[in-house]
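The values are calculated or read from the model by the stated rules, or taken from the named source; none is laboratory data. Computed from a prediction, not measured in an experiment: that's the story for all the values here. Reconstructed Cβ throughout: ideal geometry from the backbone, glycine too, with neighbour counts over all protein chains shown. Heads up: the accessible areas ignore ligands, DNA and RNA and are worked out on the full protein's heavy atoms, side chains in. Shrake-Rupley method; radii C 1.70, N 1.55, O 1.52, S 1.80 Å.
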Amino acid sequence: MSQILIIYTGGTIGMMSDPVTKVLKPINFEQIMDNVPELEKLNCRIKVHSFDEIIDSSNMNPEIWSELAGLIQSNYHDNDGFVILHGSDTMAYTASALSFMLENLGKPIIFTGSQLPISAIRTDAKENLMTAIEIAKAKKNDRARVPEVCIYFDYKLFRGNRAFKYNSSKFEAFRSPNYPILAESGVHLRFSANDIRLPEDESSLIVHNNLVNDVGVLKLYPGISPKVVENILSADVRGIVMETFGAGNTTTDSWFIDLLKNAIDSGKVILDISQCKVGTVELGRYETSKHLKDIGVANGYDMTFESAVTKMMYLLGQSDDPLQVKEWLETDLRGEITVS
Ligand code: ASN
């Protein structure tokens, strides 16, 4: 019989409306279990680890990511898969971070949560939770069907580092336009075997716990002033995620390019991702991106913002050499980019 570890961090799935203030606040896991007696009927052993502090995912941070990675490492051998209950607001950041922190992953790590609390009559929590467990225990020829960090939400399974929260009101909270879904649940649970990534070496899980959050963000808009760009680029950080236009384009004004070049020459890594949610950065396709390539800006291809920030944090912990970090940023490490 499979064994699944459910890790409960918080999120709407386990919230209740405060009778006086009416705001949604987290409840403990026993109260969640009371709402899903069906859990007993699943053909697997379920263990639960509840975090001491149950949080709304807006309070998520890299220390908790390390704690999660450590929990997975210490329970890896004894479990066939993991289901992580997490608020949807920052779920894609945590899933992306863990995809980088867990190298050679050979077991499913399935994040899920819900848009309505599990105690609500019309809740989406039960389907999300039950199917996430089904996916975490799914095997073929004795091997996990999806040995990846994933998000399961509203009948779809996404690669974690390809998904982002796209809708705060609908049950369809996530999308992953730059990569196909890994499975879909309907009358049958159908896996897309060709799109699922298998580990190169599943013999040994390697956990990287040293994320460095010295990361800044520069989001461009027409009319951005030199003093704003200068302030962001001169902040005490080692990496900057730059959200550009279209296929990775920026203004060609010399003040802008000079500021970027100075930052790179001073040892900072600048990663170019697009403000578009679909499509890819193509450095050098337009005149408005050729200069970026020339001065050493890293190409983020079709990476999500969530993946870009967490990949930067992961890589800054792996090397002090900006050129090495740039090379890895442009390399597909965990299925997070399509290098064209
Ligand atoms: N605010 C909640 C959270 O991210 C939203 C949710 O889970 N649907 O914790």
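A compact table of results
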read-out: Simple Cβ-charge dipole of the stretch 225-269, Lys/Arg +1 and Asp/Glu -1, about Cα centre, in debye nearest 20; value: 80
read-out: Fraction of accessible area attributable to carbon and sulfur, the chain (%, probe 1.4 Å); value: 48
read-out: Cα convex hull of the stretch 1-55 - mean projected area over all directions, nm²; value: 4.1
read-out: Long-range tail of P(r) for the chain (Cα pairs > 38 Å, %); value: 19
read-out: Calculated SAXS-style log₁₀ I(q)/I(0) at q = 0.18, 0.21 Å⁻¹ - the stretch 1-130, Debye, Cα scatterers; value: -0.99, -1.32
read-out: Volume per residue that the Cα convex hull of the stretch 213-264 spans, once the total is divided by residue count, Å³; value: 77
read-out: Largest-first ellipsoid semi-axes for the stretch 143-247, taking √(5λ) over the Cα gyration tensor eigenvalues, angstrom; value: 35, 21, 11
read-out: Probe 1.4 Å, all protein chains present, accessible-area order of GLU172, GLU40, largest first; value: GLU40, GLU172
read-out: Cα long-axis angle, helix 125-137 against the chain (0 to 90 degrees, to the nearest 10); value: 90
read-out: Only Lys, Arg (+1) and Asp, Glu (-1) charged, at Cβ; the chain dipole about Cα centre in debye; value: 840
read-out: Coordinate range along principal axes, alpha carbons of the stretch 236-340, Å, largest first; value: 34, 32, 19
read-out: Estimated D of the stretch 242-293 in µm² per second, where Rh is the Kirkwood radius over Cα pairs and Stokes-Einstein applies at 4 °C, 1.567 mPa s; value: 115
read-out: Paramagnetic label zone (point 7 Å from Cα along Cα-to-C-beta, SER340; backbone N under 16 Å) in the stretch 276-306; value: 276-290, 299-304
read-out: Computed [θ] at 222 nm, helices only, for the chain once each DSSP H run of length n ≥ 4 contributes -39500 (n - 2.57); value: -8000 deg cm²/dmol
read-out: Whole-Å semi-axes of the stretch 84-187's equivalent ellipsoid (Cα gyration tensor); value: 21, 16, 12
read-out: In degrees, nearest ten, helix 254-265 long axis to first principal axis of the chain (Cα); value: 70
read-out: Sites ASP201 and VAL20 - FRET efficiency at Förster radius 45 Å, r taken between beta-carbons, to 0.05; value: 0.25
read-out: Local electrostatic count, ASN178, Cβ distance below 13 Å [Lys/Arg +1, Asp/Glu -1]; value: -1
read-out: Å² of accessible area per residue within the chain, as computed with a 1.4 Å probe and no ligands counted; value: 45
